[in-house]
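**Q** My structure is below; once you've seen it, I'll send some questions.
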Amino acid sequence: MGKDKTSQLRILHGHLVDIDNDIAVIATPIEQLNTLLGDVIDLLGKPKTFSDDLKTIGEILGKIQSIASDADWLPEVGQVASSLSKALLPVVKEPPPAGGIGEIRTSLNEIDVILTPLQNKLKKAQGAIQKVLKVIHGVAFDVHSLVNGTHALMQRYADHPPENVEKCAKGLNEGIETVADELRCAREQVAKQLNEYLSPLKNVENAFHRVDGYLKMIQTVYEDLSLYSKALREVENAVNTAASYGKKKVEYLFTWVGRHTYPDLYEKIKKKLDSANTCVNQMVGKIANLALAPMRQAVSTLEDEVAREVNRIPEIAALEDEMASAQRTLEKLEHEMVAAVSGECAKILGENHFSCG
């Protein structure tokens, strides 16, 4: 007795499983790239945002430095104010010395110049990718429905399906065999092209994450600017009040005789200076936490890394070509399925789930 011939249904199921796997192999890196592109596009806007934030921070700190310098003669405040003024001077001085806010802004602005065209390029790539993903997901659903349908039929009929099932399976086999080969080729080309994008983009993302702490520090200081402004007003008010009495009178008030001769005036000035002193000390603490020198180094490193990885990213045209080729193959596959599986065959092979057409 001869060996049973492999049924068209089993052949079809094998084709469909292969196609289902190939679509998943194509879809997975494209979905990864789509997600990564979204993340990186967001990250690429951060240097400009943080540069603008630093500009505002620098303006506020510049005012504080100026007021702290004016306060250096005040009793009980002057020494700390002078320290604050000296600490802030290299931070806010223009043109910026090494380690100042201005230098960090220069690096961030240079990064932004590099990244703006890249951001536009990646947005264009994302559009092409999302278009292909829509086609992939539609075809994948239909193929998966047929995989389930043919699997159910094999469980029911084993290697001896009825004639109507074999006829439908044969028709679809004839339509998709060539396309399945094209899909395998598209899978390899897409995977190769996508890897040329995924690798440098992941490195760009990692470069940003390595300086994330410093960038968050900028954001935190920016969010605290209302506190700085309030402290600035306290110190400015104290300086102006004291100045209105004149340096000699204020210094006299803080002698033993002055305190006892004009107790009410002494308390008034003392209260303002105590408030100013508290604010100055708080600002000294905050300035100490700015860590501008390592921040500048980190941002400079970011600039070098991003520039290097951006140069590794291929032109978008190559990716668009591969995406378009994969899309044409998938659309051809869907067309063959629609042509071969219609009417009764759709119900037979797809377990009533087949939806294309």
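The values are calculated or read from the model by the stated rules, or taken from the named source; none is laboratory data. Note that the structure is predicted; figures quoted are calculated from it, not measured. Every residue, glycine among them, receives a Cβ derived from its backbone with ideal geometry; neighbour counts consider all protein chains shown. Note: areas computed on protein heavy atoms with side chains; ligands, DNA, RNA excluded. Shrake-Rupley method; radii C 1.70, N 1.55, O 1.52, S 1.80 Å.
**Q** Between residue 31 and residue 93, how high is the FRET efficiency from 1/(1 + (r/R0)^6) when r is the Cβ-Cβ distance and R₀ = 51 Å? Nearest 0.05.
**A** Once rounded, the FRET efficiency stands at 0.55.
**Q** Compare the Cα positions of 12, 79, 301 along the charge dipole of the chain (+1 at Cβ of Lys, Arg; -1 at Cβ of Asp, Glu; about the Cα centre) and return the one farthest towards the positive end.
**A** 79
**Q** Return the distance in nm (one decimal) between the two label points of a simple spin-label model at residue 321 and residue 274, each offset 7 Å from Cα along Cα→Cβ.
**A** The two pseudo-label positions are separated by 7.8 nm.
**Q** Just how far, in whole angstrom, is segment 18-51 from segment 268-338 if you go by their alpha carbon centroids?
**A** 16 Å
**Q** Treating only the Cβ of Lys, Arg, Asp and Glu as charged (+1, +1, -1, -1), what charge dipole size does segment 108-196 show about its Cα centre? Round to the nearest 20 debye.
**A** Value, rounded to 20: 340 debye.
**Q** Farthest toward the dipole's positive end in the chain, which of 273, 190, 100, given Cβ charges of +1 (Lys, Arg) and -1 (Asp, Glu) about the Cα centre?
**A** 273
**Q** Sticking with this one: Expressed in nm to one decimal, what extension gain is obtained for the pair residue 216 and residue 18 from 0.36 nm per residue of sequence separation less their Cα-Cα distance?
**A** Values: separation 198, 0.36 × 198 = 71.28 nm, distance 4.71 nm.
Full extension from residue 216 to residue 18 adds 66.6 nm.
**Q** May I ask you to derive the FRET efficiency for residue 307 and residue 335 from their Cβ-Cβ distance with R0 = 51 Å, giving the value to the nearest 0.05?
**A** E(calc), rounded to 0.05, equals 0.70.
**Q** Right, here's the next one. Taking 7 Å along the Cα-to-C-beta vector as the label spot, tell me the residue 281-residue 227 distance in nanometres, rounded to one decimal.
**A** If labels sit at residue 281 and residue 227, their model points lie 1.6 nm apart.
**Q** Express the relative contact order of the chain as a whole percentage, based on alpha carbon pairs under 8 Å and six or more residues apart in sequence. Mind showing how you got there, number by number?
**A** Numbers: 399 pairs, mean separation 121.5, N = 357.
Relative contact order of the chain: 34 percent.
**Q** Work out the length of the dipole vector of the chain about its Cα centre, built from +1 on the beta-carbon of each Lys and Arg and -1 on the beta-carbon of each Asp and Glu, and round it to the nearest 20 debye.
**A** Roughly 1740 debye, rounded to the nearest 20.
**Q** Give me the number: length gained by fully extending residue 237 to residue 249, i.e. 0.36 nm times residue separation minus the C-alpha to C-alpha distance, one decimal in nm.
**A** So the extension gain works out to 2.6 nm.
**Q** With springs connecting C-alpha atoms under 10 Å apart, model the chain as a Gaussian network and identify which of 278, 255, 56 has the largest mean-square fluctuation.
**A** Comparing 278, 255, 56 in a Gaussian network model of the chain, the most mobile one is 255.
**Q** Report which label in [x] 0.95; [y] 1.02; [z] 1.72 holds the value of Cα Rg over 2.2 N^0.38 Å derived from the coordinates of this structure.
**A** [z]
**Q** Between 205, 303, 177, which gets the highest mean-square fluctuation from a Gaussian network model of the chain, Cα cutoff 10 Å?
**A** The residue with the greatest mean-square fluctuation here is 177.
**Q** Still on this structure: Among 113, 306, 40, which one shows the biggest mean-square fluctuation in a GNM of the chain, springs joining Cα atoms closer than 10 Å?
**A** Among 113, 306, 40, the largest GNM mean-square fluctuation belongs to 113.
**Q** In whole Hz, what ³J(HN,Hα) sequence does segment 211-221 give by Karplus (6.51, -1.76, 1.60; θ = phi - 60°), x for Gly and Pro?
**A** Going residue by residue, I get 9, 4, x, 5, 5, 5, 4, 4, 4, 5, 4 Hz, with x marking Gly and Pro.
**Q** In the neighborhood of residue 200, defined by Cβ-to-Cβ distances under 15 Å, what is the net charge if each Lys or Arg adds +1 and each Asp or Glu adds -1?
**A** -2
**Q** Using the Kirkwood radius over Cα pairs, work out the Stokes-Einstein diffusion coefficient for segment 107-210 at 25 °C and 0.890 mPa s, in µm²/s as a whole number.
**A** Working: Rh = 18.0 Å.
Value of D from the Cα-based Kirkwood radius: 136 µm²/s.
**Q** Reachable lysines from residue 63, Cα under 20 Å, same-chain residues fewer than 8 places away excluded?
**A** Those lysines meeting the cut-off are 55, 86, 93, 230, 272, 286.
**Q** Determine the calculated [θ] at 222 nm for the chain from helices alone, applying -39500 (n - 2.57) to every DSSP H run no shorter than 4 residues and normalising by the residue count; nearest 500 deg cm²/dmol.
**A** It comes out at -30500 deg cm²/dmol, rounded to the nearest 500.
**Q** So, with a 1.4 angstrom probe, what is the percent of accessible area on segment 8-350 that is carbon and sulfur?
**A** Of all accessible area on segment 8-350, carbon and sulfur atoms account for 51 percent.
**Q** Same structure, new question: For the chain, what is the accessible area per residue in Å², given a 1.4 Å probe and the full set of protein chains?
**A** With all protein chains present, the chain gives 51 Å² per residue.
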